[in-house]
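Heads up: the structure comes next, in structure tokens.
The values are calculated or read from the model by the stated rules, or taken from the named source; none is laboratory data. These numbers come from a predicted model, not from an experiment. Here the Cβ positions follow ideal geometry from the backbone for every residue, glycine too, while neighbour counts run over all protein chains shown.
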Amino acid sequence: MNQDTSNPFSRETVVADGESSPLVQQRPTGARYAVLAWLCAAAAIAYICRNSIGVAESTIRAELGLTTDQTSYIMLAFFLAYALAQMPTGWLGDRLGSRAMLPVLALGWSAATAAMGLAAGAMFLIATRVVNGIAQAGLFPCATNTISKWSPLSQRAVASGTMGSFMSVGGAIGSVLTGYLLIWIGWRWTFVSFSILGVFWALGFFVWFRDRPQEHPRVNDAELALIEHGREKPKKEDTGGVPTPWLAFLTSPATWWICGQQFCRGAGQIFFASWFPTFLQESRGVSVEGSGLLNMLPLLALVAGAFLGGAASDLVLHVTGSRWLARSGVAGASMIFCAVFVGLAFFIQNPLLAVVVISIGTFGSAVGGPCAYTITIDMGGRHVATLFGAMNMIGNLGAMAFIRLVPLFQKWTQSWDAVLLLFAAVYVAAAVCWLLLNPNGTVFEQALVGARTSHDPR
């Protein structure tokens, strides 16, 4: 049989004697891993640009004559814009696709990062951080949507966990690089140098990437079959942008529980990027330098937990075939595990031992982290980026609320140790959300009002 060479995705493979070979004899290509590598690089670059201002804050404040209140507004501007832009950018990602959206977003946050080097005052810096927050808001909704299209069903959590871990990797790299570059080239050129990374990434990704594996020349039939195995094949008319059924989306208990667990997890994780060093200094007598070093332990635990959590969730799914056990069960158990160990630290006065115990807890919470990304793929239907955007928006609002709540709670209780109990309670609430979630079907099929029974192929 002669193969139609005009169709690179023909379901048969030509062999030397001109006869066709069954698909099973073909070794799958690895384009899906390259896609994941591109997404991980984007996550790391974004967090380098995002977190560098924290290390440079005192230098910028001194040179521009700013107050700490002004710099706090500069940093808050990013998170507020980032939270509010999650759903709009996620919706655009669903409509336009990641190949169109992600390079534009990367160029946007790169331009905003470079512009920080031109700042002469607080208002200009606030404007650059707002643009940076809006551009970065669409990264993870679009990336999660890409994982849903490019990863086999059995590897979604691993892919999500790997990408999630590179956020922490990028944050750590950015902190170290910024510390050195501030001395070598100053804060203005430091931001300019970080912006170059995003520009090169955007150009390379646009040239190489395709939204669907079927469209990529590096994907052979075997890899395509591996990616598509077990999926419902969408109808031809469903492959473009599809209007979001907002009424069903907003009235679905599944949407509420998914967003609720992210609110709690966002509140818990921001503790380490905000008040944890102060907690160590004022409750355990740790020096400023020592608190910075000890703060690295829970952050490293988050990286390790995210890597392993995705594999754990996919393994449970493979062994049991139960999505509830693999997603809700794994995540709920990990949140309870975290709450227990954070609560134990309340009774430990030795600073190093207390941080080690807390880090064990944060490792546990990170194990459940990939389940949050993956559940938006499992339950988002044709609106993965929109669901992820809603979830991440609520998560960032939770983080902002916790930043404000902690000093109020500490003042009310007159105890930094009591903050640990609040921290543990937040993770118990996250576990409750996970255990109440039914992860089978889509959020639209569970809606109280609207297209409850509509077919929404993935």
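If you take the residues of segment 60-84 that are buried (at least 16 other Cβ atoms within 10 Å of the Cβ) and among the polar types (S, T, N, Q), which of them is farthest from Met167 (Cα to Cα)?
For segment 60-84, the residue satisfying everything is Gln70.
Is it fair to say Leu203 is surrounded by fewer than 18 Cβ atoms within 10 Å (Cβ to Cβ) and not assigned by TED's automatic domain parsing to the domain that holds His383?
So Leu203 fits the description; yes.
Out of the residues in segment 316-331 meeting the condition of being part of a helix (DSSP H, G or I) and in contact with a Gly (Cβ under 8 Å, 6 or more places away or on another chain), tell me which one is surrounded by the fewest Cβ atoms within 10 Å (Cβ to Cβ).
By that ranking, first place goes to Val316.
Just checking, which of Ser313, Ser287, Ser334, Ser283 is out of contact with any strand residue (DSSP E or B) (no Cβ under 8 Å at 6 or more places or on another chain), at pLDDT below 85, of a type outside the set (A, V, I, L, M, F, W, C) and buried (at least 18 other Cβ atoms within 10 Å of the Cβ)?
Answer to the check: Ser283.
Tell me, which residue of segment 276-318 that is touching a residue at least 12 places away in the same chain (Cβ under 8 Å) and acidic (Asp, Glu) is farthest from Gln349 (Cα to Cα)?
Asp314
Which one of these does Leu66 not meet: (1) assigned to a helix (DSSP H, G or I); (2) touching a helix residue (DSSP H, G or I) at 6+ places or on another chain (Cβ under 6 Å); (3) over 25 Å from Leu387 (Cβ atoms)?
So the condition that Leu66 fails would be (1).
Please report, ordered by residue number, the helices (runs of 4 or more DSSP H) entirely within segment 94-198 with at least 1 residues that are outside the structural domain of Gly310 (by TED's automatic domain parsing), touching a residue at least 24 places away in the same chain (Cβ under 8 Å) and surrounded by fewer than 20 Cβ atoms within 10 Å (Cβ to Cβ).
Fully inside segment 94-198 and qualifying: 98-115, 122-137, 156-184.
Quick check: is even one residue across segment 71-86 under 23 Å from Ile147 (Cβ atoms) and either of a type in the set (S, T, N, Q) or out of contact with any helix residue (DSSP H, G or I) (no Cβ under 6 Å at 6 or more places or on another chain) (or both)?
Yes, segment 71-86 contains a residue that is under 23 Å from Ile147 (Cβ atoms) and either of a type in the set (S, T, N, Q) or out of contact with any helix residue (DSSP H, G or I) (no Cβ under 6 Å at 6 or more places or on another chain) (or both).
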